[in-house]
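Report on the structure given below.
Since every read-out is calculated from the coordinates, none of them should be taken as a lab result. Bear in mind that the values here come from a model prediction, so they are computed numbers and not experimental data. Note that each Cβ is placed from the backbone with ideal geometry, even for glycine, and that neighbours are counted across all protein chains shown.
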Amino acid sequence: MDFSFTPEQEAFRSRLREWLEKTSGEVFGRRGEGMGASTASLLDVGDDSKWQGLREYHKRLYEAGYVALHWPKEWGGGGASLIEQAIYQDEVLRLGLPLYGANQLAIDRIGPTIILLGTEQQKERYLGQMLTGEEIWCQGYSEPNSGSDLASLQTRAVLEGDSFVVNGQKVWTSLAQRADMQVLLVRTDPNAPKHKGISYLLVDMKSPGITVRPLMQITGESGFNEVFYDNVRVPKENLVGEVNQGWQVSIATLMWERASGGTRHPVERTINELIDLARAIEFEGMPAHRHPYVRQKLALFAVESRCLRLSRYRGLSAQLKGKAPGPETSFGKLFATELNLRVAMFADELLGPYAMLMKESIGAVEGGRWTMRMLAARGLTIAAGSSEIQHNIIGERVLKLPKG
Ligand SMILES: Cc1cc2nc3c(=O)[nH]c(=O)nc-3n(C[C@H](O)[C@H](O)[C@H](O)COP(=O)(O)OP(=O)(O)OC[C@H]3O[C@@H](n4cnc5c(N)ncnc54)[C@H](O)[C@@H]3O)c2cc1C
C-alpha cells in the first residue's frame, strides 16, 4: 500500500484540519481540550453542558458534510474514498475529537446495519435523522446476566396484533439517558436454541413503560444506564430482519462496533501528551524524559500506535466492499483499547502518588486528567466485548484454532 498523498488529498486534509481546529475551538474551547479525559468515548454524556457542546459540534459536523463520510451518498453519507476516510480519522484523532459527533452508535454501527439489512421504509424513516442528530440512538444488548454470553438474554417480546410487547431489563446501555431511539435485542422464542429465538427491534425510547436509570462510573461520570421495560409496545414494522433471526443482525452491528472500537481512540494523541508529561516531571531523581526506562516505554508506545494507525487504514478497505466487517475487527478493538490502558497505567507509574489525585484536587497534575484516563481506560477494554472474548474470537474464528 502506498501511503503518500496526492495534492488533491493534501488539499482535502488542509481544508478539514482548518475546519476542525476552528470548529472544535469554538465549541469546546482550545483544541477540544474542554471535553475532558474521555473525549472519544461516551463516558461523560451525563454532564449537561458537555452534552450540549457535543450536540452543537454534531450539528456543525453534519452541516459541513463530515458526519458520515463512510456512508453511501444515496443515504446522505459522504461516499468518501478510502484515502479521504483515512485522512478524516487521522485529523479527528489528532485533536482527540469524537469521530461521529454526538450520535456515535447510530453513525458507526446502527445506520450501517439498517442500510444493509433494514427495509426501505426503515431506511427512509431513520437514516436522515441519524445524520442530522435529531434522533440520538443507543444499543440495548447487555442484561444483568447476559454480557459475554449475550445469546442467553432474557428480555421477552411477544407479538400481540400489530405490536411486540416487551418486558425485561437491559444494563450498561450507553447514552440511554439522552437517546430518542434504541436497537433492542429481545427473546421472541423461549423454546428455540438460544441463538435462534432472538429478534432485533427499533424502539422509541419515549414509549410508555420504559424507565431509564443512569449508573455512576468510577470516574464520577454517568455515561451508561439501566433500562427497564414494562409492557412496552413496539410496532411490528420496527423489526429488522426476520422474527427469531435477530442474532445475525446483532452480529452485523457488533462487527461495526468493534471496527469502530479499533479506530476511535486517540491513542497517538495521548502518547504525545505522555511525552510532554515526561518532559515536565521527574522520575527516580532525574528528568523523566531522560530516564532510559521511560524512553524505552515511550518509544515502544510510539511504534505500537503507528502499527495501530496502519491497521486502521487496512480495516477501512473492508467497509468499501459494502459488507459488514468480519471477526478480524477484534484485532483492532483489542489492540487499541489495551494500548490505551497500558499508556494510562504508565502515566500512573510516572506520576507515583500524584496519580491518586482526582480532578479538581489541590496538587493534581494537569488537572487530574491522567487519573481520569486511568479510571476510564479499563471500561473501554470491556465495552463491545471484553478482551478475553476478543482473544477467543481471534483464536477460534480468525486463526481457526480448536475451541478451548
Ligand atoms: C463503558 C461501557 C459501555 C458499555 N455500553 C454498552 C451499551 O451501550 N450497550 C450494551 O448492551 N452493553 C454495553 N456495555 C456492556 C458490555 O458489552 C459488557 O460489559 C461486556 O460484554 C461484558 O459483559 P459483562 O459485564 O456481563 O461481564 P461478564 O460476561 O459477566 O464477564 C465477566 C468476566 O468474565 C470473563 N469471561 C466471560 N466469558 C468468558 C469466556 N467465554 N472466556 C473467557 N473469559 C470470559 C470476561 O472477560 C470478564 O472478565 C458497556 C460496557 C462498558 C464497560
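Please order Cys307, Cys138 by the number of other Cβ within 10 Å, starting at the fewest. List each step's numbers first, then the result.
Values: Cys307 11, Cys138 27.
Listing Cys307, Cys138 from fewest to most nearby Cβ atoms yields Cys307, Cys138.
In plain terms, if you count all Cα to Cα distances in the stretch 38-147 and split them into 10 Å steps from zero, the share in each step is 14, 44, 32, 9, 0 percent.
How far is helix 267-280 tilted, in degrees, relative to the longest principal axis of the Cα atoms in the chain, given as a value from 0 to 90 rounded to the nearest 10? Tilt of helix 267-280: around 30 degrees.
Take the Kirkwood radius over Cα pairs of the stretch 122-239, plug it into Stokes-Einstein at 10 °C and 1.306 mPa s, and you get 108 µm²/s for translational diffusion. The label point for Glu8 and the one for Leu82, both projected 7 Å from the Cα toward the Cβ, are 1.7 nm apart. When the P(r) of the stretch 193-283 is calculated, the portion above 19 Å amounts to 68% of the C-alpha pairs. When Asp230, Asp348, Asp44 are sorted by how many other C-beta atoms sit within 10 angstrom of their C-beta, beginning with the fewest, the order is Asp230, Asp348, Asp44. Length, then width, then depth: along the principal axes, the Cα atoms of the stretch 258-404 run 51, 31, 26 Å. Run the paramagnetic zone check for Val158: 7 angstrom along Cα to Cβ, then residues of the stretch 174-188 with backbone nitrogen under 15 Å. Under cut-off, by backbone N: 187-188.
Counting Lys and Arg as +1 and Asp and Glu as -1 over every other residue whose Cβ lies under 9 Å from the Cβ of Thr211, the net charge comes to -1.
Does anything in the stretch 198-222 have its amide N under 19 Å from the 7 Å Cα→Cβ label point of Gln52, and if so which residues? Within reach of a label on Gln52: 222.
Provide His195, His58 in ascending order of the number of other Cβ atoms located within 10 Å of each residue's Cβ, fewest first. List each step's numbers first, then the result.
Values: His195 16, His58 24.
If I rank by nearby Cβ atoms, fewest first, I get His195, His58.
In plain terms, the chain from Lys123 to Met358 could stretch by 80.1 nm, reckoned as 0.36 nm per residue minus the Cα-Cα distance.
Computed over the chain, the range of Cα coordinates on each principal axis works out to 73, 48, 48 Å, biggest value leading. The angle between the Cα long axis of helix 329-351 and the main principal axis of the chain comes to about 40°, on a 0 to 90 degree scale.
Among residues other than Ala280 whose Cβ falls under 11 Å from its Cβ, what is the net charge (Lys/Arg +1, Asp/Glu -1)? Charge balance in the 11 Å sphere: -3. Taking the longest Cα principal axis of the chain as reference, the axis of helix 7-28 is set at about 90 degrees.
Counting charges near Ala102 (Lys, Arg +1; Asp, Glu -1) among other residues having Cβ under 14 Å from its Cβ returns a value of -3.
Each principal axis of the Cα cloud of the stretch 256-328 was taken in turn, and the coordinate range along them, longest first, works out to 54, 16, 15 Å.
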